[in-house]
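S.K.: Here it is, the structure, as structure tokens.
The values are calculated or read from the model by the stated rules, or taken from the named source; none is laboratory data. The structure presented is a predicted model; accordingly, all values stated were derived computationally and were not measured. All Cβ positions, glycine included, derive from the backbone under ideal geometry; neighbour counts span all protein chains shown.
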Amino acid sequence: MLYLAILTGAALGIAEIYPNWHSVFEVRSLAIAAKLVLLCLIPLLWDYRVGILLIVLVVASASSHMPRRFRHYSVLEHQQTEAMRDNRTAI
């Protein structure tokens, strides 16, 4: 199940960055990357797996319930992404 979680997480990460590589620097993509790194550490740090999984759970919960303005915030540009600003003006 661990390797399936890593595989599906990697697929989700690729799907997130496919249309626009600038989304790599958005908070939502960084959260996916952080979860993947933590999941990949579990086989190496097997004794700490419960703590690592709890951290993954907290990151997943926080990132999925985060407001859109924070999820689409670009750490590289220190502002919301262009697609987010265009979407906001269209509403």
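S.K.: Taking the range 1-52 as the region of interest, how many residues are polar (S, T, N, Q) and without any contact (Cβ under 8 Å) to a residue 12 or more places away in the chain? Can you show your working first?
M.R.: Taking the range 1-52 and keeping what is polar (S, T, N, Q), we get 8, 20, 23, 29.
So of that shortlist, the ones also without any contact (Cβ under 8 Å) to a residue 12 or more places away in the chain come out as 8.
Looking only at that region, the number is 1.
S.K.: So, of the residues in the range 74-91 that are surrounded by 13 or more Cβ atoms within 10 Å (Cβ to Cβ) and aliphatic (A, V, I, L, M), which turns out to be modelled with the highest pLDDT?
M.R.: The residue in question is Ala83.
S.K.: Another question, if that's okay. Restricted to the range 4-51, and to residues that are of a type in the set (Ser, Thr, Tyr) and in a helix (DSSP H, G or I), which residue is surrounded by the fewest Cβ atoms within 10 Å (Cβ to Cβ)?
M.R.: To start, the set of residues in the range 4-51 that are of a type in the set (Ser, Thr, Tyr) comprises 8, 18, 23, 29, 48.
Pick out the ones that are also in a helix (DSSP H, G or I) and you get 8, 23, 29, 48.
On the way: Thr8: 10, Ser23: 16, Ser29: 22, Tyr48: 12.
Looking at residues that are of a type in the set (Ser, Thr, Tyr) and in a helix (DSSP H, G or I), I get Thr8.
S.K.: Restrict the check to the range 59-73 and report whether at least one residue is aromatic (Phe, Trp, Tyr), without any contact (Cβ under 8 Å) to a residue 24 or more places away in the chain and out of contact with any Cys (no Cβ under 8 Å at 6 or more places or on another chain).
M.R.: No, because not a single residue in the range 59-73 is aromatic (Phe, Trp, Tyr), without any contact (Cβ under 8 Å) to a residue 24 or more places away in the chain and out of contact with any Cys (no Cβ under 8 Å at 6 or more places or on another chain).
S.K.: Anything in the range 22-75 that is basic (Lys, Arg) and under 17 Å from Ala10 (Cβ atoms)? List them, or say none. Even if it seems obvious, please write down each step before you answer.
M.R.: Step one: filter the range 22-75 for residues basic (Lys, Arg), giving 28, 35, 49, 68-69, 71.
Correct list: Arg28, Lys35.
S.K.: Among the residues of the range 66-73, is any loosely packed, with under 11 Cβ neighbours inside 10 Å and outside any helix (DSSP H, G or I)? Give the derivation first.
M.R.: Our first condition is that a residue be loosely packed, with under 11 Cβ neighbours inside 10 Å; within the range 66-73, this holds for 67.
Retained after the next criterion (residues that are outside any helix (DSSP H, G or I)): 67.
Within the range 66-73, one or more residues are loosely packed, with under 11 Cβ neighbours inside 10 Å and outside any helix (DSSP H, G or I).
S.K.: Being farther than 19 Å from Leu76 by Cβ and basic (Lys, Arg) is the filter here, so list the residues in the range 3-62 that pass it.
M.R.: Answer for the range 3-62, where residues must be farther than 19 Å from Leu76 by Cβ and basic (Lys, Arg): Lys35, Arg49.
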